[in-house]
Amino acid sequence: MRHRLSTATLGLVLVVSLVATLCVGCGDSGGETRTTIVIGHISDMTGPASPALVPINYALEDLAYYYNTQERIPGVRLVVAAYDGMYDPSRILPGWEWVKERRAKVVCTALPPAVVTLEPFAEKESIPVFSLTSSTGPWAFCGNVSTYHEVKTILKWVAENDWDYQAEGRVPRIGFVGWQESYAIDCRDGMRDYCDDHPDQFEWGGGFLAPMGSATWSGEIGQLKTCDYVMPPTTGVGTVSFIKQFRDAGYTAKFIGTDAHAAYESLAASWCGWDNLNGMRTVQISRFWNEDFPMTELAKQLLQERHAAEYSEIIESGVGYIGGFTQLYAFFEILAAAVENVGAESFDGQAFYNAAISYDVTWEGFEKWNYTETKRNLPNDVGLFLWSAQHQDIVRELPGWLPLVIE
């Protein structure tokens, strides 16, 4: 099945608050009666991940508005009930109860800790969780690849393409540093396990986890100073403070990362400068802003029409909006398929689950994305991107896609 993306002129209707938002009747038109479907959203609007996640929050609201105004799900009015989790694990369950009180049939989140906490409740209560970061069980559908395998994929490329073993006469030394949270732990474990499985390709220099919110890295830098490749922290201030301090100390290891790092592009550029970022490589499942494809063009159009004052700022901020937009487009297509299967009035979490496990799509410019009865990560490939001081931007390094390393 191949979906073609259409575009439309949209107005701006968005209400945002610090703690919680309820977008009621997003895109309602005329007096037509529609069945309301509530999408719960637990995100970070004001916490340490908000520079990356606020653009993703916009993407969810914008796509809900787009699907409503274009009547892409006939007879349905989509409503987004959004709760500010502040990247605080203690707010996840209150957020779950809050969106349930607003009759959410399915819940979206880009908070890695949320998936671990919510999946048992999702399965028990038949309310699917659509995650943009990870999956931990049958009722958690991830629009991204497994972080653990994403990290292994970039390491495989580095080992095969970026290191001259013969000239160096040794294997490169690599290491990881991050905050003590689930996404960073997956990154560390993927790196460590790949090194253990491929001692002929890498020497493991260690993985170091600091308390959430840490911004001083002298100890970790001392441990990683002899590394040839380092993966920096994956969240906000942690990402940029480490890079700045590592480079200021005079160390020259190449940085590698995931889409989490690419979501803080402008923050990193302003804090660290492009000379300190030059040569960093990251992998992600989406296209980037400087690539001309239908998905990117639709994202640009909605961003311009609904957030014109922030248009340049959001694009310059990194992959957050376009990466979230790509995954969430798949979410809305699954929701549309579920409504088509059972009818708007009969839509519930089970209907979404049934539509999701058979979802299989190829968009223009992408490889096949699919779920199955057991597969809970939608993409099967990642793109490789280079942080370029020359271009003052992140640019695609390879024209195609790297198959995900599953081992």
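Annotation note: Cβ proximity below 9 Å between a residue of region 361-375 that is free of Cβ contacts under 8 Å to residues at least 12 places away in the same chain and a residue that is surrounded by fewer than 16 Cβ atoms within 10 Å (Cβ to Cβ) and not in a loop (DSSP other than H, G, I, E, B) (sequence gap 6+ or interchain) occurs for N370/D360.
Can you say whether A167 is in a helix (DSSP H, G or I) and either of a type in the set (K, R) or surrounded by 23 or more Cβ atoms within 10 Å (Cβ to Cβ) (or both), as far as the supplied structure shows?
Numbers: in a helix (DSSP H, G or I): yes; either of a type in the set (K, R) or surrounded by 23 or more Cβ atoms within 10 Å (Cβ to Cβ) (or both): no.
For A167, the condition - in a helix (DSSP H, G or I) and either of a type in the set (K, R) or surrounded by 23 or more Cβ atoms within 10 Å (Cβ to Cβ) (or both) - is not met.
Screening region 368-377 for residues that are in a loop (DSSP other than H, G, I, E, B) and buried (at least 16 other Cβ atoms within 10 Å of the Cβ) and picking the one that is farthest from the chain's Cα centre (by Cα) gives Y371.
From the list Y329, Y321, Y264, Y311, exactly one residue is under 29 Å from F130 (Cα atoms), in the same structural domain as V395 (by TED's automatic domain parsing) and among the aromatic types (F, W, Y). Which is it? Break it down into steps so the answer makes sense when it comes.
Numbers: Y329 fails: in the same structural domain as V395 (by TED's automatic domain parsing); Y321 fails: in the same structural domain as V395 (by TED's automatic domain parsing); Y311 fails: in the same structural domain as V395 (by TED's automatic domain parsing).
Checking each option against the conditions leaves just Y264.
As for region 67-80, it holds at least one residue that is part of a helix (DSSP H, G or I), touching a helix residue (DSSP H, G or I) at 6+ places or on another chain (Cβ under 9 Å), outside the structural domain of S270 (by TED's automatic domain parsing) and not charged (D, E, K, R). For region 292-313, a residue qualifies if it is within 21 Å of I39 (Cβ to Cβ) and of a type in the set (A, V, I, L, M, F, W, C), and the qualifying residues are M295, L298, A299, L302, L303.
T234 - would you say it is in a loop (DSSP other than H, G, I, E, B) and either in contact with a strand residue (DSSP E or B) (Cβ under 8 Å, 6 or more places away or on another chain) or of a type in the set (V, I, T) (or both)? Show your work before the answer.
Values: in a loop (DSSP other than H, G, I, E, B): yes; either in contact with a strand residue (DSSP E or B) (Cβ under 8 Å, 6 or more places away or on another chain) or of a type in the set (V, I, T) (or both): yes.
Spelling it out, T234 is indeed in a loop (DSSP other than H, G, I, E, B) and either in contact with a strand residue (DSSP E or B) (Cβ under 8 Å, 6 or more places away or on another chain) or of a type in the set (V, I, T) (or both).
Pick out the one residue from I174, I154 that is surrounded by 23 or more Cβ atoms within 10 Å (Cβ to Cβ), in the same structural domain as L224 (by TED's automatic domain parsing) and in a strand (DSSP E or B).
Numbers: I154 fails: in a strand (DSSP E or B).
After applying the criteria, what remains is I174.
When region 97-106 is examined, which residues are found to be out of contact with any helix residue (DSSP H, G or I) (no Cβ under 6 Å at 6 or more places or on another chain) and not in a loop (DSSP other than H, G, I, E, B)?
So the first thing to find is which residues in region 97-106 are out of contact with any helix residue (DSSP H, G or I) (no Cβ under 6 Å at 6 or more places or on another chain), and the list is 97-104.
Correct list: E97, W98, V99, K100, E101, A104.
Within region 206-231, can you find the residues that are in a loop (DSSP other than H, G, I, E, B) and among the acidic types (D, E)?
Initial filter on region 206-231 (in a loop (DSSP other than H, G, I, E, B)): 211-217, 225-228.
The one that is in a loop (DSSP other than H, G, I, E, B) and among the acidic types (D, E): D228.
Just one of the listed residues (V145, V177, V171, V158) is at pLDDT 95 or above and within 25 Å of E373 (Cα to Cα), namely V145. Taking region 253-297 as the range and being in a strand (DSSP E or B) and closer than 12 Å to G323 by Cβ as the test, the residues that pass are T282, V283, Q284. Scanning region 233-254 for residues that are closer than 23 Å to F288 by Cα and either among the β-branched types (V, I, T) or surrounded by fewer than 24 Cβ atoms within 10 Å (Cβ to Cβ) (or both) turns up T234, T235, V237, T239, V240, I243, K254.
Each residue in region 116-147 was checked for being more than 13 Å from the chain's Cα centre (by Cα) and part of a helix (DSSP H, G or I), and 10 pass. Hey, any hits in region 329-338 for a residue that's more than 23 Å from N57 (Cα to Cα) and not hydrophobic (A, V, I, L, M, F, W, C)? No: zero hits. Scanning region 341-354 for residues that are part of a helix (DSSP H, G or I), surrounded by fewer than 22 Cβ atoms within 10 Å (Cβ to Cβ) and either touching an Asp or Glu at 6+ places or on another chain (Cβ under 9 Å) or touching a residue at least 24 places away in the same chain (Cβ under 8 Å) (or both) turns up V342, A344, E345, G349, Q350, Y353.
The values are calculated or read from the model by the stated rules, or taken from the named source; none is laboratory data. What you see is a predicted model, and the numbers here were worked out from it, not measured in a lab. Here Cβ is always computed from backbone atoms with ideal geometry, including for glycine, and neighbour counts include all displayed protein chains.
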